[in-house]
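Working notes, beginning with the structure itself.
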Amino acid sequence: MEIRHIVKSVRAGSIAEEMEIEPGDELISINDNKIEDIFDYQYLTEDEHIIVLIRKKDGEEWELEIDKDEDEDLGIEFENGLMDNYRSCHNKCIFCFIDQMPKGMRDTLYFKDDDSRLSFLQGNYVTLTNMSDHDVDRIIKYHLGPINVSFQTTNPELRCKMLNNRFAGEALKKVDRLAAAGIEMNGQIVLCKGVNDGPELERSISDLTKYIPYLQSVSVVPVGLSRFREGLYPLEPFTKEEAKATLDIIHKWQRKVYAEHGYHFIHAGDELYFLADEPIPDADNYDGYIQYENGVGMVRSFIDEFEEEMKDRKPDSSIKREISMVGGMIMDKTKNELIKKINELYPNIIVHNYGIRNDFFGERITVTGLLTGKDIMAQLKDKPLGEVLYIPRNVLRAQSDMLLDDTTPQQISETLQVHIDIVESDGHDFVRKIVDQI
Ligand code: SF4
């Protein structure tokens, strides 16, 4: 079905506003070209001189000649941000987290997208299995980038097995085309024990280094395993020794790539360091936190922000407060160490730091972003909370004030009879909330 491109809003002061384009208007064409999706729109609006055909709400058609700076945005937001239907994935990955979610959650949480357009728009990682040759042609023609690729492995047979898709191995050839055309990419490997780790990981890293410099970085993150895996491929968590062995492989390749190219390229997810009980590397190892959104370097960045926030502060025993905080188990030890440092300067601030066990998804899920309100409420019942309970921003769903299980901070506040405030997921705000109450 052909998608109509209806204007949702027009940015104040933009070219679109100047041209009297309004919400409800329909974009018909640019320079006589139909718009297939956001790829086309972004490309066609790049030029300095464009002719835009708009159908007004009353059916009248306006042909607008626009002179603008190159790359200047028209300032239009469309009702459908992708300007096309969202493409769902064609895979059934053995590690898919959506398959490991309990029933009865919001419908949108079960949508399996694998849409390369979302990779450019929102940084989503895509498997390339439903990217058509036409899409690859357009990415190359429009020189879009970076595109984020979920590799898992470069072994074609193993990739078919991991993604449960017989075309998954073949899909890797698209990476050759993209790299040959100079398209920037980032990669991700979801590491599954006994499947794509050990020698297979070595092989993948070795293969992927051949795409340097177009492939800028690759993260290796251990698979998330919830308690809802009945009937799914049997996957086990990594032991400390296995996590250490994985880090050894990654560090060996980091040294090799760094010696040749001056950056690290391959990165281990923070969780691997916790599993291996190894120290978190310095900031320099994260190549400008290029894989931050994949949980690579978040802990280092948090600690460094904390240190920076603390460095010029003087001891002050006049500040007296009692507060509480929650977070996933993964950061619990680190946060306790940081709170100890706060108490060295501010001995009369009592912080109850509660690492929340994830009973909803199962104890093996330790990240803060997957905590639910029900677990927080159940585990903090009868616990001292002080004057305020701080909840990290990343337990709230994007653009919403609800947690994953649809509870709200308000509900938590009413249940626990405590004032709730949000602490941003950075070390500066951590200190400021605890000490300065701002
Ligand atoms: S690509 Fe794989 S992991 Fe991603 S949604 Fe589809 S099945 Fe799940």
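So which residues in the range 63-105 are charged (D, E, K, R) and either free of Cβ contacts under 8 Å to residues at least 12 places away in the same chain or in contact with a strand residue (DSSP E or B) (Cβ under 6 Å, 6 or more places away or on another chain) (or both)?
We begin by selecting, within the range 63-105, every residue charged (D, E, K, R); these are 63, 65, 67-73, 77, 79, 84, 87, 92, 99, 103.
Passing the criteria: GLU63, GLU65, ASP67, GLU77, GLU79, LYS103.
List every residue pair whose Cβ atoms sit under 7 Å apart, with the two residues 6 or more apart in sequence or on different chains, where the first one lies in the range 125-153 and is part of a helix (DSSP H, G or I) and the second, anywhere, is aromatic (Phe, Trp, Tyr).
Partner pairs satisfying both residue conditions: ARG138/PHE39; TYR142/PHE39; TYR142/TYR43.
Pick out the one residue from PHE228, PHE151 that is open to solvent by less than 20 Å² (accessible area, probe 1.4 Å), of a type outside the set (A, V, I, L, M) and not assigned by TED's automatic domain parsing to the domain that holds ILE38.
On the way: PHE228 fails: open to solvent by less than 20 Å² (accessible area, probe 1.4 Å).
Answer to the selection: PHE151.
Looking only at the range 184-196, how many residues end up being surrounded by fewer than 22 Cβ atoms within 10 Å (Cβ to Cβ) and not in a strand (DSSP E or B)?
So the count comes out to 4.
Check whether at least one residue in the range 93-115 is within 27 Å of ASN31 (Cα to Cα), within 15 Å of the ligand (Cβ to nearest atom) and either at pLDDT 90 or above or not small (Gly, Ala, Ser) (or both), and report yes or no.
Residues of the range 93-115 within 27 Å of ASN31 (Cα to Cα): 115.
The next check asks that each one be within 15 Å of the ligand (Cβ to nearest atom); those that pass are 115.
Filter once more, so that each one left must be either at pLDDT 90 or above or not small (Gly, Ala, Ser) (or both): 115.
Yes, the conditions are met somewhere in the range 93-115.
If I ask for residues that are assigned to a loop (DSSP other than H, G, I, E, B) and either surrounded by 23 or more Cβ atoms within 10 Å (Cβ to Cβ) or in contact (Cβ under 8 Å) with a residue 12 or more places away in the chain (or both), which ones from the range 154-170 would you list?
Here is the first cut: in the range 154-170, the residues assigned to a loop (DSSP other than H, G, I, E, B) are 154-155, 164-169.
The answer is THR154, ASN155, ASN164, ASN165, PHE167, ALA168, GLY169.
A quick yes/no check of all residues on (1) more than 30 Å from ARG166 (Cβ to Cβ); (2) of a type in the set (A, V, I, L, M); (3) surrounded by 15 or more Cβ atoms within 10 Å (Cβ to Cβ); (4) modelled with pLDDT under 95:
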{"residue": "ALA16", "(1), (2), (3), (4)": "yes, yes, yes, no"}
{"residue": "LEU27", "(1), (2), (3), (4)": "yes, yes, yes, no"}
{"residue": "ILE30", "(1), (2), (3), (4)": "yes, yes, yes, no"}
{"residue": "TYR41", "(1), (2), (3), (4)": "yes, no, yes, yes"}
{"residue": "GLU61", "(1), (2), (3), (4)": "yes, no, no, no"}
{"residue": "GLU65", "(1), (2), (3), (4)": "yes, no, no, no"}
{"residue": "ASP71", "(1), (2), (3), (4)": "yes, no, no, yes"}
{"residue": "ASN80", "(1), (2), (3), (4)": "yes, no, yes, yes"}
{"residue": "HIS90", "(1), (2), (3), (4)": "no, no, yes, yes"}
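Considering only the range 259-313, how many residues are more than 18 Å from GLU337 (Cβ to Cβ), open to solvent by 30 Å² or more (accessible area, probe 1.4 Å) and not in a helix (DSSP H, G or I)?
Counting residues in the range 259-313 that are more than 18 Å from GLU337 (Cβ to Cβ), open to solvent by 30 Å² or more (accessible area, probe 1.4 Å) and not in a helix (DSSP H, G or I) gives 7.
Considering the range 119-144 alone, what residues qualify as being at pLDDT below 90, buried (at least 18 other Cβ atoms within 10 Å of the Cβ) and touching a strand residue (DSSP E or B) at 6+ places or on another chain (Cβ under 7 Å)?
The answer is SER119, PHE120.
The values are calculated or read from the model by the stated rules, or taken from the named source; none is laboratory data. All values derive from a computational prediction rather than experimental measurement. Every residue, glycine among them, receives a Cβ derived from its backbone with ideal geometry; neighbour counts consider all protein chains shown. To get the accessible areas, we keep the full protein, side chains included, count just its heavy atoms, and leave off ligands, DNA and RNA. Shrake-Rupley method; radii C 1.70, N 1.55, O 1.52, S 1.80 Å.
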